């Protein structure tokens with residue numbers, strides 16, 4: 001799976017799950033503000049990434065993933 005495919009899939013999935021315009025999801029956009037994440041929706045985000053890509057984002061790694069570009073990088077580096 002290419003990076004472009006990862007980006008397209010995760011953006012579509014997140015736009016649907018969090019009911020936002022997919023155009024708002026840009027590489028430099030801040031994840032927490034764009035998706036308006038709270039603790040419960042953060043669990044949803046982690047679940048989507050784990051289910052779709054087999055990638056578990058650990059609690060230790062979460063603070064390091066602030067933008068969508070960082071999320072794409074993390075998925076690309078850790079996908080199975």
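Considering only 24, 12, 60, the mean-square fluctuation computed in a Gaussian network model of the chain, springs between alpha carbons under 10 angstrom, is largest for 60.
Residue separation of residue 78 and residue 41 scaled by 0.36 nm, minus their Cα-Cα distance, works out to 11.2 nm of gained length. Listed by Cβ neighbour count within 10 Å, with the fewest neighbours leading, 9, 16 appear as 16, 9.
Please sort 66-78, 36-48 by packing, taking for each peptide the average over its residues of neighbouring beta carbons within 10 angstrom, highest first.
By packing density, highest mean first, the sequence is 66-78, 36-48.
Pairwise Cα separations in the chain fall into 5 Å bins from 0 onward with the following percentages, short to long: 3, 15, 30, 32, 17, 3, 0.
Approximating the spin labels as points 7 Å out from Cα along Cα→Cβ, the residue 33-to-residue 13 distance works out to 2.5 nm. In percent, rounded to a whole number, the relative contact order of the chain is 34, using alpha-carbon pairs under 8 Å and six or more apart.
Read-outs throughout are calculated quantities, based only on the coordinates presented, and are distinct from any laboratory measurement. Fair warning: this is a prediction, and the values are worked out from it, not measured in the lab. All Cβ positions, glycine included, derive from the backbone under ideal geometry; neighbour counts span all protein chains shown.
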